[in-house]
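Quick notes on the structure that follows.
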Amino acid sequence: MENMEIPERRSATIYIDGDAIPRELKEAVYRAAERTRIPAVLVANSFQRIPASALVRLEVTGSGFDAADNRIVELARAGDLVITSDIPLADRVLAKGAQAFNSHGELFTPANIKTRLAMRDVMQDLRAAGEVTGGPAPFSPKHREKFLNLLNRLLTAAAKR
């Protein structure tokens, strides 16, 4: 059998951590993928509905611990966009040169990710000790607006590469 080289992927891809964002934002990402012609991949550990589109696909990983996160890390490359609320996942894809942001429109960067990881660990310890019972602020229209603005900015930049 002839040894064929796999061509290098040229354009960015949007990877969505399946449990990371509300449905209305997933739908906005699917529309943005169509508009910009940048493919989107929803990675989840169970079936989720996606539109019938050549630019949007679902990758089901199964329910193993961090299976979806590990698959996103495996797939992500420099220049890709990863949407996740999982700070350790964001750290892992940033190390590969991808960009990561959450449903509240907050961009994770090499400059802020270590602080975010440390804060996450402190909050986890406080919760385990019963000191903190609350979580992040509920999703709001302001978060939606901030997310959509950041998504559009990042997609515009990705389309120019």
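The values are calculated or read from the model by the stated rules, or taken from the named source; none is laboratory data. All values derive from a computational prediction rather than experimental measurement. No Cβ is skipped: glycine too gets one built from the backbone with ideal geometry, and neighbour counts run over all protein chains shown.
The residues in the range 97-122 that are modelled with pLDDT of 90 or more and loosely packed, with under 15 Cβ neighbours inside 10 Å can be counted, and the count is 6. Taken over the range 29-52, the criterion of being more than 22 Å from residue 144 (Cβ to Cβ) and over 14 Å from the mean Cα position of the chain (by Cα) is satisfied by 37, 45, 46, 47, 52.
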